[in-house]
Amino acid sequence: MITLNDRSSQYRFPAGFGRAFGAAVGAADRPVPVPVCAGQTIKRKPIMFTPQDLKQIADHGLTPERVEEQVENFRRGFPFLKVVRAASPGDGVLVLDGAEVDAAVARYDAAVAGLRVVKFVPASGAATRMFKELFEFVNEGKRGKGIDVLLENIERFAFWPELRAVLPPEADDRATVDAIVNEGLNYGHKPKGLVTFHAYPDGARKAVEEHLVEGAAYAASNGVVRLHFTVSPEHMEAFRTLLAEKVPQYEARYGVRYDISFSVQKPSTDTIAVNPDNTPFIEDGHLLFRPGGHGALIQNLNDMESAVVFIKNIDNVVPDSRRADTIKYKEVLGGLLLEVHDQIEEDLIALDEKLYTPDDLKRMADYLRTVLNVHDSRLDNMADDEIVEYLKAKLNRPLRVCGMVRNEGEPGGGPFIAFNPDGSASPQILESNQVDLSNPDYKKMMSEATHFNPVDLVCYIKDIHGKKFDLPKYVDPATGFISSKSSHGKELRAMELPGLWNGAMSDWNTVFVEVPISTFNPVKTVNDLLRPAHQG
């Protein structure tokens, strides 16, 4: 049984805080009409879309009203989140001892045969940022330290044999780098999944292949390994071609059958771009729509038929020789997920069938506070029938268990306890842009956070009756993000939807658990492939 002997279980809000804060959030910290006087609001004239605009909007699966809502979000902006504190060991981050680790692994291993498990891997988009410095060298002649490191170690890269085969003998430094990102390997125009990451005696593997190997180790159920990749339409055929060649080899090697599916980001999740004055951005006579970021993938996740879904980024993979911790802690996360799910299921059945005592309600409320870290002072003043309804609402939600690694300076969001629109507080994964860093208390929280998010989570997305949760209903729409971009030299403003593991999962039940740093080995730049974790 999971227990947390922590100060978070003793946390209490001031009397009346829940009602007051809930009202304040609803009235001030979420996008609302700006009051003019009692009973009136500012009414903006609707945007005058042309027939061509309306067709373009409809072709995206959007409505004019939805687009106007997006434009209004640009005008209003998104509020910063209210943060209680950073989650830390014993206070929101579960740290397991050896026996608890072994028990979680055993629990997962015993149950996996009866589960439908899928490994969900966001793999969209070109690896442009991975090769940013290389493009600067090729296009602008700007030679930074990274270029020197790359060329001095060129034969250590797993893609060296492929590169050598396409390089002319007289190739100088610039031609060599150009062959990596442009005609030759063309890596600057491919997604990371199709980049060769690791070398082996029997041949190199691309990132997507390492996910096949990983999946066979912990996501096989009755001999079937289900993997789902989200990819860009222009890269779909390349993924299919590579996997058609490689899958039979890995099936023979690991004695499994792969069930691989793909999806693309839905056009209906695109967001309109606007000018600096928040009017729709027009390019070549058309509205400009942009992908809504990884938060758009909540729609793809919602289409999964499996109850248990592992989520991990495409670039966080290691060679066979360094994979033991990754496999072990994936099973740890899976075992914890099943333990928490089973307890929630038991409690919800008892609540539905009225098979509980006042002591049972107290235990369930304590579980909500100490394991799920949901805090709400209103519970202290509720009658039993109110507690029952509250527990039903809070327990009957999608569930995720998220691995968190010790903060060693890597970029990324982190685990926090944050306030919700209803006045409660719960675990959330926050990015720095969601927090008001001009507030010295919040800035201190961010700087002193002990853990950060490696995007290593496992989810349970069906209810106790086996019915899928409608995941978009659990998104906090006020957690989007606005950034400054440009298109063909013209400045614009772009909007990202609430992030997949941030605001898109805001209203989920969440457990944070510490996992070793050895499980986190992302490839953000090409030279990260020179790190020991990728050299095998």
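Details
- Accessible surface, the chain, averaged per residue in Å² (probe 1.4 Å): 44 Å²
- Charge tally around LYS142: other residues with Cβ under 15 Å, Lys/Arg +1 each, Asp/Glu -1 each, net -2.
- P(r) of the chain over all Cα-Cα pairs, binned every 20 Å from zero, in whole percent: 19, 52, 26, 2, 0
- Among beta bridges that DSSP assigns inside the chain, antiparallel share in %, nearest 5: 60 percent
- Cross-link pairs exceeding 31 Å in C-alpha to C-alpha distance, out of LYS330/LYS524; LYS190/LYS468; LYS392/LYS443, comprise LYS190/LYS468; LYS392/LYS443.
- Under 14 Å from a label point set 7 Å out along the Cα-to-Cβ vector of ARG290, the amide N atoms of segment 248-282 belong to 270-282.
- If the chain linking ASP470 and LYS266 were pulled fully straight, counting 0.36 nm for each residue of separation and taking away their Cα-Cα distance, it would gain 71.8 nm.
- Projected label points at ARG257 and ASN222, each 7 Å from Cα along the beta carbon direction, are separated by 1.0 nanometres.
- For segment 467-480, 3J(HN,Hα) per residue [Karplus equation, 6.51 cos²θ - 1.76 cosθ + 1.60, θ = phi - 60°, Hz, x = Gly/Pro]: 8, 5, 5, 8, 4, x, 5, 9, 8, 8, x, 8, 10, x
- Taking 0.36 nm per residue of sequence separation and removing the Cα-Cα distance, the MET48/GLU283 pair yields an extension gain of 82.9 nm.
- For segment 246-302, the carbon plus sulfur part of the accessible surface works out to 50%, probe radius 1.4 Å.
- Full extension of the chain between ASP441 and LEU530 yields a length gain of 28.2 nm, computed as 0.36 nm times the residue separation minus the alpha carbon distance.
- Segment 483-536 - convex hull of alpha carbons, volume per residue in Å³: 134 Å³
- Remark: segment 402-456 is approximated by an ellipsoid whose semi-axes, taken from the C-alpha gyration tensor as √(5λ), come to 19, 15, 9 Å, largest first.
- Within the shell of other residues whose beta carbon sits under 12 angstrom from the beta carbon of PHE239, the net charge comes to +1, with Lys and Arg scored +1 and Asp and Glu -1.
- Counted charge near ALA393, where neighbours are those whose Cβ lies closer than 14 Å (Asp, Glu -1; Lys, Arg +1): -4
- The lysines whose alpha-carbon is closer than 19 Å to the alpha-carbon of LYS142, local same-chain residues fewer than 8 away aside, are LYS132.
- Rg and Dmax of segment 328-440, Cα atoms only, in Å: 16.6, 50
- Unit Cα scatterers, Debye sum, segment 389-524: log10 I(q)/I(0) for q = 0.09 Å⁻¹: -0.32
- Euclidean distance between Cα centres, segment 270-302 to segment 129-188, Å: 33 Å
- Förster radius 25 Å - calculated FRET efficiency between ASP463 and ASP303 (Cβ-Cβ, nearest 0.05): 0.90
- Reduced Cα scattering model of segment 249-398, Debye log10 I(q)/I(0), q = 0.13 Å⁻¹: -0.91
The values are calculated or read from the model by the stated rules, or taken from the named source; none is laboratory data. Since the structure is predicted, the reported quantities are computational estimates derived from the model, not experimental observations. Ideal geometry is used to build each Cβ from the backbone, glycine not excepted, and the neighbour counts take in all protein chains shown. For the accessible areas, the whole protein counts, side chains as well, though only heavy atoms, and no ligand, DNA or RNA atoms are used. Shrake-Rupley method; radii C 1.70, N 1.55, O 1.52, S 1.80 Å.
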